[in-house]
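Taken together, the values in this text are just the output of simple stated rules run on the coordinates, not laboratory data. For clarity, every value in this text was computed on a predicted model and none was experimentally measured. Glycine also receives a Cβ, built like all others from the backbone with ideal geometry; neighbour counts cover every protein chain displayed.
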Amino acid sequence: MPAYTLQVNGQTRTVDVDSDTPLLYVLRDDLGLHGPKFGCGLGQCGACTVLFNGAATRSCVLPVSSVGDAKVTTLEGLGTPEHPHPVQAAFIAEQAAQCGYCINGMVMTSVGLLSQTAKPTETQIRDALAGNLCRCGTHTRIIKAVQRAAGTPVKEA
């Protein structure tokens, strides 16, 4: 089995896994990071989203052999309970989580969006999050959380 050296959450980690092992499995099973979730396994639900060189990427369909020198950031690498990332703090303030399963993908996608577009419109936020599935119905709170993190006006219902 080949060894792969990865840059995850600012740390260099080496794992011995098959080349076609999805990054999600390495993160969860080998590195003990449980922010990214297994949802559909097809890259369609967003639960497994990580930042891959700053861009929101589905880790369930990314083979570990494709990671190379890329910087991978998981939910655990964004902030701490004492000092959450601004997006995490906004999700908490807006009470945007219900069951919590989709929140990893929503947060990571939002961080990726805000790194590219500092002040997105509501339409841009909705478009960015459209590929993240949520069954709990907290979509309006999630939109408000992203607006809060961006410092843009939040529309009240």
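Thinking of region 3-77 as a set of Cα atoms, what percent of all their pairs are more than 17 Å apart?
32 percent
So for Lys37, Lys71, fewest C-beta neighbours within 10 Å to most, what's the order?
Lys71, Lys37
If I measure Cβ to Cβ between cysteines in the chain, which ones have no partner under 4.7 Å?
Those would be Cys99, Cys136, since no other cysteine Cβ in the chain comes under 4.7 Å of theirs.
At q = 0.09, 0.10 Å⁻¹, work out log10 I(q)/I(0) for the chain with the Debye formula, treating every Cα as an identical point scatterer and leaving solvent out; two decimals please.
Per q value, in the given order, log10 I(q)/I(0) is -0.28, -0.34.
Using alpha-carbon pairs under 8 Å, 6+ residues apart, how would you state the relative contact order of the chain in percent? Show your work: numbers first, answer last.
On the way: 272 pairs, mean separation 35.5, N = 157.
For the chain, the relative contact order is 23 percent.
Taking the number of other C-beta atoms within 10 Å as the exposure measure, put His139, His34 in order starting with the fewest.
By the 10 Å Cβ count, ascending, the order reads His34, His139.
Expected output is a single nm value to one decimal: the length gained when fully extending between Gln44 and Met1, i.e. 0.36 nm times separation in residues minus the C-alpha distance. What is it?
Numbers: separation 43, 0.36 × 43 = 15.48 nm, distance 2.90 nm.
Full extension from Gln44 to Met1 adds 12.6 nm.
Sorting Phe38, Phe52 on the 10 Å Cβ count, fewest up front, what's the list? Each step should come with its number before you reach the end.
Details: Phe38 14, Phe52 20.
Starting with the residue having the fewest Cβ neighbours, the order is Phe38, Phe52.
Please state the shape class of region 69-138: rounded when a/c is under 1.5, otherwise prolate if a/b exceeds b/c and oblate if not, all from the C-alpha gyration tensor.
Note, shape of region 69-138 comes out rounded.
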